[in-house]
Structure formats: C-alpha cells, structure tokens
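The values are calculated or read from the model by the stated rules, or taken from the named source; none is laboratory data. These numbers were taken from a predicted model, which means no experiment stands behind them. Here Cβ is always computed from backbone atoms with ideal geometry, including for glycine, and neighbour counts include all displayed protein chains. Quick note on the areas: whole protein, heavy atoms, side chains included, nothing else; ligands and nucleic acids left out. Shrake-Rupley method; radii C 1.70, N 1.55, O 1.52, S 1.80 Å.
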Amino acid sequence: MIINGQFNIGHICTRKQCELGRSEKVAMRWISQHMEQTDYTFAELDRQTNRFANVLAHLGFAPGDIFFTFLPKMPEQFFAFLGTLKLQAIAGTLFSNFGEEALLDRLGDSKAKGIITKKSFLKKIGRIRDQLPNLRYVIVVDIDQHQSDDILSYDRLMAEASDHFTVASTSADTPSVLHYTSGSTGKPKGVQHVHGSILSQNMTAREILQLSEDDVYWCTADQGWVTGTSYGIIGPWSIGATQVHFGGGYNAEHWFDILQREKITVWYSAPTALRMLLKEEPELFARCDLSSLRHIFSVGEPLNPEVIHWARRTLNRDIYDTWFQTETGAIMIANRPGIEVRPGSMGKPAPGIEAAIIADDGSPVPDGEQGNLCVRPGWPSMFVTYLNNDEVYRQKFRGGYYYSGDTAYRDTEGYFWFMGRSDDVINTAGHLVSPFEVESALLEIPEIAESGVIGAPDELLFEKVVAYIALHDNCEYSPQLELKIRLHVSNKASTIATPQEIFVVDKIPKNKSGKIMRRVLKARYLGTDAGDLSTMEE
Amino acid sequence: MDTMTSLNDIFREVFDDDTIEITRATTADDVDGWDSLSHTNLIVAVEMAYNVRFNLKDTRALKDVGELIDLIDRKLAEKG
C-alpha cells in the first residue's frame, strides 16, 4: 500500500486507487435521505478532493493548519475531509448536532483556521464567531454566492478550482485527523492522529471486517466520530472497496431496503440501532433478501447477547462486536469471522495488538478478575497527543501500557469482557458524553444553582444522561423549566447530552474540596450503597 | 394562528433554526438535528404549547409533520 514513503491518507484513498486500475469503479454510492442515488467513481473522488485541496491552498491554508467539517452526512463532507488531508492540513470533524458551546470548545482549543458547514448551521457559528479569532473562513455548501470575504460559497470555490493537485510526499508521522473526545473533567480533548494510522485502519478493515476491493460496504456511523472516519472513509477506500453512504437517519424500512437493493456485503453499525431493529416487526426482515450480506459488525457500546441471538434467529447471521476508541484510531479487540463468537464479549485482540488487564498499581490481573483495560503502545494508529494537553496524554501511559479508561476482564481463553468505565464519562448510544460539559450547560440556566450529572443504565441507549439539579431560592421546578433545560442542553452542547431524567434536590453532594461526588448520585439513582462518605461536605 | 403556523414556531425554537419552514410533507430527514433525542424535546414542547398529552405509541408512529398536525388537532378536538 505504501510506495516511496507516501503515507498520505487523501492520496491513498483516491489517486492511488486510480493508479491501481480502479478509476471507473464506484467508490461511493450516495443515497440521499429521499433515497435518490448518485455514484462517484474513484476518479471523481480524486478530482473532487483535488479541487478542495486547491480551494484551501488558494485561501492560504498550509500543512498543519486545522480545518473542520461541520456537516450532516453528505458527499461534500468526504471531499472536504480527504482534500484537507491531501494538502497535509489537519482534518477535524464535528458531529452535526453539536451546539454552540460544543463548537466553541473544539474550534477554540484547536485554533481552527476554517470550517465547512451548511447554511442552517451558520447561526450557531455566528453566535461564537467573535470568540474565535483564528477562524478565518467559513465555507458553506448550500449558498450560491459568497456572503462576505470570509463566508464563502463552496460551489463557487470548487467551480474555480483546478481538479489537478499533486500531493506532497507525506511521512507517517505527519498530523492527519483530529477528533475531540469527552473526559469526566475539564473540556473535551483533541485527539491527534497521523497519516501513518492508515496502516492500522487498512489492516483491520481487511483482517477484522474482512473487506476486499470486491465488497459493497456500509458503515452507518456519522463522520463526526472516529468510526465514521476510520471505517466510514479511510479503511475501506484504502482497500478500494465500494462504500454506500446514506444521508437519512434511522429508518428500518429504508435500511433494509438499502441492504437488499445495494447488495451490501459487509455492514458496520451500532448497538443502539441494532436494538431498535430488534423491536421492529419480524415481517420486515422476513421479506428481505439478504443473501449478499456476509458479515455484520457493531461498535460503540457493548453489544447485548440478546441482539446477537436475535440476529442469529432473524437474519441468520452473527453480529461481531468490536472495540476501539478515538485514541486508538482503529479496532483493537474484536469478535470476527474465524473465531467463535462469545455473545456479550468484546472478542480477542486484533493481529499485532497486545491487550492486558492491569491493576491500578501496575501489576497484571489474573484471568477472570476485573481491572484496567490496557494496550501495549506502538500500533500505527495510536494517537500522538491530546492537542495542547500533552501532560494528560502522558498520564495515559504507565508501565509500558496505554490505559484506555475502560475496565474489563479476560477469560481463560483470551476473550475480553467489558465491565465499565474507570471514570464518569457517559456512553450514550455509542457517544461519549462528559458529565462536566452537561453540568456546565445546566449552570448557565438562571434557575439552576448546582448540577451533577451521571450516566444510568438504559435498555436502548446503553446509558442515559441523568441530571440532578438544585434550584436557586424562589425558583420552582415546572414543566416549562424542564423544557427549558432540555432545549438549552440540546442546543448548547448536543442532542446526545440532553438529560433523559431530571431530579431536583436540595444540594448536590460534594467533597470537602467542592468536587461533585457523582458516585453518590449514582448510588442514589440505583438504590445502592454509596460507600465511604467521610470526605463528603457537610 | 393555525396549527401549522404555531408548530413552525415550535420547530424553530426546538431546533434552534429560524429558517425552518415546515410543510405537511416535512420529515425528520428534512430538518437538521431532528434525531430520536431531539424528537423527545419536540414532543415535550408541543405538549406544553397546546396543553395536550400524547402517548408514546402515537408519537413513535408519526411519519411526517402532517401526521403530527393531525394528531395535535385530534387531541385539541377531544378537549373540546
């Protein structure tokens, strides 16, 4: 795959595929939300991404500058992402349901120089623009003419750009993709990857997802998250596979229509979506011809055994659960064809990956006992830093291992079993939500004096966001305030951060240093023992 | 103000987008940010604005804005 040291992801996913004789092969079959279909060959993908690289170059972007996409799933997202990488600028992606606070945190911390978005999202950017002095250009995909010197029409820029672009030789350690991930404290952290990560994404797409150039592959993940870039762009196109991308949201009838009509051979989705399918009428699946579908994979949260049993019964297929993180950049542990699926387990480490269960003191934990899920560093897609936060990055590595923040155990036959997080981060529908971010958004509401946020078990979402709030004197809880809270969190942070349950309490439990004791809230919610309360503030 | 007009204002508030112009044919795929979680926000906002209560089955089955309007009008008629 790598020739003359050219690791450039944009080049390998487009021009390289043309050089391998795939110019006229369909790279992307785009299906709009209204089920209209448009095909893009690898030659077209190459031209469109070249144009975008030239657009950025013309605007003065240089290698190392940071450019974000803030779009729902649409073809322009793929062109902009790969075009940015061709220029050796850093491509960040933002979930399209982010609110303005979430945008400000990420664009501000990264000092992003440009962003591509839609007209309907301009309002959010406009409200924070004066706090983003480094943001030079906003490119808008659905306006015909430039609005100003710095709010520019994508169509006009692309029409004026050449479709020839020579990608400079790009070493493996050149910064490439930037995703922000949530922690339990502080602001989200920018996870920086490098172009060499394509080695891991290519290898795992072949070895775990079992992809080849003959496959028609569909990854339902949004490009705002790491699965959407590692396995919705890079891995499959580095192999030359045809990818189907659908612009609509969850719709069981549309999804099964796509699986059948497009003869999808490998499908990568998420447990929440699969659990929603499980609730659909069985007739929907019975009338579908899924004979082309070889494999189904899942990622994002642990896959319940009942979903695997449902798939065996209803679809006559296994679903292979996979585990990785934004920081790992590629699949680390997985169930996969060729090894027996243990329903509920994460599977076994990918080829070349050494995973281990380590105690807090650094000692190995015997099989069957819970500990920190760790990975021996050195895989090509390992993140290289948290942007502007190298100290926290270094803290993730101890005793020769990367500490994932997840807890798990390994059984005697080498299967890993997810147990939970070692911090307070909430995994809701496969998205990590920082309780700190939600608490901060809640505190912006004038009626709220204190807030504490936890994740609680949920049948559909795996975990749901639960908020505890204490109100200011003279403020009363009401349905109007509940709606205000919901909309504020949804529009400032993200829809995924919206509390599903809200409890009003007199005060939020804190320790003597003023830190919120989320474990006390969690115990209160679950009706379990809160443990040692000696450090709690009176 | 008819239901369509007042509902349009609710959509603009819920989805934080004052350019939204709904029609009876509008679906979740036509409104940026209309996912299953914001759908709950929308239903809560509609219930509050019209002082009606929906059951989960009704709101899950909605295919487009037209069906939502019909549901609202039906609930308002039941109230008398």
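Size descriptors for the stretch A:416-538 (Cα atoms only): Rg and Dmax, in that order, 14.4, 52 Å.
Report note on the peptides A:263-276, A:377-390: ranked by the mean count of other C-beta atoms within 10 Å, highest first, their order is A:263-276, A:377-390. When the solvent-accessible area of the stretch A:264-338 is split by element, carbon and sulfur atoms take up 49 percent of it, the probe being 1.4 Å.
Please compute the Kirkwood hydrodynamic radius over the stretch A:114-167, one decimal place, Å, based on all pairs of different Cα atoms.
Working: mean 1/r = 0.0835 Å⁻¹.
One decimal place: 12.0 Å for the Kirkwood radius.
Between chain B and chain A, roughly 1900 Å² of accessible surface gets buried, counting both sides and using a 1.4 Å probe. Per-residue mean of foreign Cβ neighbours for A:486-497 is 4 (Cβ atoms of other chains, 10 Å radius). How many angstrom lie between the Cα centre of the stretch A:33-102 and the Cα centre of the stretch A:189-228? Comparing the Cα centres of the stretch A:33-102 and the stretch A:189-228, I get a distance of 17 Å. The helix-only estimate of mean residue ellipticity at 222 nm for the protein assembly as shown, built from DSSP H runs of length n ≥ 4 each weighted as -39500 (n - 2.57), is -9000 deg cm²/dmol after division by the residue total. Surface composition of the stretch B:3-79: carbon plus sulfur atoms hold 49% of the accessible area, using a 1.4 angstrom probe and ignoring ligands, DNA and RNA.
Per-residue Karplus couplings for the stretch A:11-22, computed as 6.51 cos²θ - 1.76 cosθ + 1.60 with θ equal to phi - 60°, are listed in order as 5, 5, 7, 10, 4, 4, 5, 5, 5, 8, x, 9 Hz, Gly and Pro entered as x.
Applying 1/(1 + (r/R0)^6) with R0 = 25 Å to the Cβ-Cβ distance of A:Ser23 and A:Ser169, what FRET efficiency is obtained, to the nearest 0.05?
Values: r = 22 Å, r/R0 = 0.89.
Once rounded, the FRET efficiency stands at 0.65.
Counted by Cβ distance under 14 Å from B:Lys63, the other residues give a net charge of -4, where Lys and Arg count +1 and Asp and Glu count -1. The simple Förster model, with R0 at 60 Å and r as the Cβ-Cβ distance, assigns A:Arg398 and B:Asp73 a FRET efficiency of 0.45. Using 0.36 nm per residue and subtracting the Cα-Cα separation, the extra length available between A:Asn511 and A:Asp142 on full extension is 127.8 nm. Amide H contacts under 5 Å for A:Glu537: A:Lys510, A:Asn511, A:Lys512, restricted to partners 5 or more places along the chain or on a different chain, H placed in the peptide plane at 1.01 Å from N.
Which values of log₁₀ I(q)/I(0), to two decimal places, follow from the Debye formula for chain A at q = 0.07, 0.09, 0.12 Å⁻¹ with a uniform point scatterer at every Cα? Debye output, listed in q order: -0.39, -0.66, -1.21. Couplings 3J(HN,Hα) of the stretch A:38-46, computed from phi: 9, 9, 10, 6, 4, 5, 5, 4, 5 Hz, in residue order, whole Hz [Karplus 6.51 cos²θ - 1.76 cosθ + 1.60, θ = phi - 60°; x for Gly and Pro].
Once you average over the residues of B:30-42, how many Cβ atoms of partner chains fall within 10 Å of each Cβ?
6
Normalised radius of gyration (Cα atoms, divided by 2.2 N^0.38 Å) for the stretch A:215-366: 1.09.
Classify the stretch A:1-142 as rounded, prolate or oblate, taking a ≥ b ≥ c as the square roots of the eigenvalues of its Cα gyration tensor: rounded when a/c is under 1.5, otherwise prolate if a/b is larger than b/c and oblate if not. Please report the intermediate quantities before stating the final value.
Details: a/c = 2.54, a/b = 1.44, b/c = 1.76.
Taking the square roots of the gyration eigenvalues as a ≥ b ≥ c, the stretch A:1-142 is oblate.
Across peptide B:10-18, the average count of Cβ atoms from other chains found within 10 Å of a residue's Cβ is 4. Relative to its residue count, the stretch B:3-79 spans a Cα convex hull of 81 Å³ per residue. Straight Cα distances below 30 angstrom link A:Lys119 to the lysines A:Lys73, A:Lys86, A:Lys111, A:Lys187, A:Lys189, A:Lys484, A:Lys492, B:Lys63, with same-chain residues fewer than 8 positions distant left out. Contact-buried residues of the stretch A:87-117, at a threshold of 20 Å² lost accessible area versus the chain by itself: A:Asn97 (1.4 Å probe; DNA, RNA and ligands ignored).
One equal scatterer on each Cα of the stretch A:371-452, no solvent, Debye formula: the resulting log10 I(q)/I(0) at q = 0.14, 0.21 Å⁻¹ is -0.68, -1.13. Toward the positive end of the charge dipole of the stretch B:3-79, with +1 on the Cβ of Lys and Arg and -1 on the Cβ of Asp and Glu, the farthest Cα among B:Val65, B:His39, B:Leu76 is that of B:Leu76.
Counting heavy atoms of the protein chains only and a 1.4 Å probe, report the per residue accessible area for the protein assembly as shown as a whole number of Å².
Details: 24610 Å² over 618 residues.
With the other protein chains kept in place, the protein assembly as shown gives 40 Å² per residue.
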